[in-house]
Amino acid sequence: MAEILNAAELDSLLSEAGAADVATGEALESFRIAYFGRQGVLKSLNERFREVPREQKREMGQALNAFKDALQSLFDEASSALVAGQDAQTSGQDPTLPSGAVPVGSHHPLSLVRREILDIFARMGFVVADGPEIEDDWHVFSGLNFPEEHPARDMQDTFFVQRDPDLLLRTHTSSVQVREMERRDPPYRLVMPGRVFRNEAISARAHCIFHQVEGLYIDKGVGFADMKQTLLMFAQQLFGSDVKIRLRPSYFPFTEPSAEMDVYWGLKTEVDKRITKGTGWLEIMGCGMVDPAVLEASGIDPEVYSGFAFGMGIERIAMLKWQIGDLRLFFENDMRFTSQFTGG
Ligand code: DAH
């Protein structure tokens, strides 16, 4: 029959455990079996605890619990030291080195082109302005001199949110021109990027949602030559300094005279012939001198101020820049497509 359990014995058992070899996985496992196992030290100590006389039970119970805790800490420390050592060894790597490349994603091609367009105009002093996508008739049509019966107001083109009073999804970013002219005093140079909506069948060349950048320059004595020079500089920075542009007479209700700007694309390949319809020229934007009636409608005196405006589709520019043949790719969010583009 073993001796009655006493504190001195626990002390010496603990110092024995403290000196045990726990440096390898095997040694630690033997330690675990010897102390925590089914026939281990703790088990027999628990059994002998039952024999402790009643009046010593409380004190011995506490001593035994402290012993168990100390033993558990010895085991835990040895086992984490072992794991840390193994990690360092098996990876064979310096944990202080930077980790490998982490995929960080990429910008959508339309964001890249929008940023590039805005950057070019920012260098010419144009400031970004923003306006709402849900608009009233005034800002999208009437304030821009669209006659009552103009076909662009038709249900066929415009998504209406509400009738009488009309609320609609803006069909162009020219609506932001009107808002800005109403709230600012000239002079100013603005670029206004945004999403626009038209009730059109979706195809490789058209979509019911697309993006535009609008421009507006109002000051004293602004002429057509200023517009042409500004747009030429823009095209040179976007497509390269040897780009050729031309302005063709056109019609927009809010500009007079109005023009469309083409860039020379060339006729080198069969594809070029198809996309330029055999002319070599590609239209990239509408532009013109702001109609005096439009200035007046927004409270600007056309006798004092004049200006030019322009509007371009971001998708169209992106398609030209990267020779993308199908507009729908921009909206499908297929990462095999969207991750191919880089800025600049
Ligand atoms: N808003 C026109 C469109 O969506 C584009 C446009 C043409 C904007 C001429 C202008 C402009 O500012 O002067 O087709």
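Stretching ARG195 away from LYS244 to a fully extended chain increases their span by 14.8 nm, per 0.36 nm per residue minus the current alpha-carbon distance. Extension gain for the segment ASN46 to ARG32, taken as residue separation times 0.36 nm less the Cα-Cα distance, is 3.4 nm to one decimal.
Can you tally the net charge around LEU267? Count Lys and Arg as +1, Asp and Glu as -1, for every other residue whose Cβ sits under 14 Å from the Cβ of LEU267.
On the way: positive: LYS244, LYS268, LYS273, ARG274, LYS277; negative: ASP262, GLU270, ASP272.
It works out to a net charge of +2.
Taking the longest Cα principal axis of the chain as reference, the axis of helix 7-19 is set at about 50 degrees.
Explain nothing, just the number: relative contact order of the chain, from Cα pairs under 8 Å at least 6 residues apart, as a whole percent. In percent, rounded to a whole number, it is 16. The distance linking region 211-250 with region 16-65 is 88 Å (Cα centroid to Cα centroid, whole angstrom).
Since only GLY280, SER250, GLY100 are under comparison, the one whose Cα sits farthest along the positive direction of the charge dipole of the chain, derived from C-beta charges on Lys, Arg, Asp and Glu, is GLY280.
A viscosity of 1.002 mPa s and a temperature of 20 °C, combined with the Kirkwood radius over C-alpha pairs in the Stokes-Einstein formula, give region 109-338 a diffusion coefficient of 117 µm²/s.
Distance between the 7 Å Cα→Cβ label points at ARG183 and CYS208: 2.9 nm. Given contacts defined as C-alpha pairs under 8 Å and at least six residues apart, what's the relative contact order of region 7-91, whole-number percent? Answer for region 7-91 is 36 percent. Considering only PHE239, ALA297, ALA309, and ranking their Cα positions along the charge dipole of the chain that arises from unit charges at the beta-carbon of Lys, Arg, Asp and Glu, the one farthest toward the positive end is PHE239.
Beyond 20 Å, what share of the Cα-Cα pairs of region 257-325 remains, rounded to the nearest whole percent?
46 percent
Extension gain, VAL83-GLU16: 0.36 nm per intervening residue step, less the Cα-Cα distance, totals 21.8 nm.
Once the Cα atoms are used to define both axes, helix 224-239 deviates from the longest principal axis of the chain by about 40 degrees. Under a model in which nothing but the beta-carbon of Lys, Arg (+1) and Asp, Glu (-1) is charged, region 109-338 shows a dipole of about 1140 debye around its Cα centre.
Based on alpha carbons, the Rg and Dmax found for region 7-91 are 15.2, 56 Å.
Ranking ASN6, GLY325, VAL178 by how far each Cα lies toward the positive end of the dipole of the chain (charges on Cβ) leaves GLY325 at the top. In this label model, GLN62 and ARG123 are separated by 8.1 nm, measuring between points 7 Å along each Cα→Cβ vector. Enumerate the lysines that LYS321 could reach by cross-link, defined here as Cα to Cα under 21 Å, with residues fewer than 8 away along the same chain left out. Partners found: LYS244, LYS268, LYS273, LYS277.
Angle of helix 54-91 to the longest C-alpha principal axis of the chain, folded into 0 to 90 degrees and rounded to 10: 50°. Shown for region 202-251 is the translational diffusion coefficient from the Stokes-Einstein equation, using the Kirkwood radius over Cα pairs, a temperature of 37 °C and a viscosity of 0.692 mPa s: 239 µm²/s.
Every number here is computed from the coordinates shown, using simple stated rules; none is lab data. Note that this is a predicted model, so its numbers are computed, not measured. Reconstructed Cβ throughout: ideal geometry from the backbone, glycine too, with neighbour counts over all protein chains shown.
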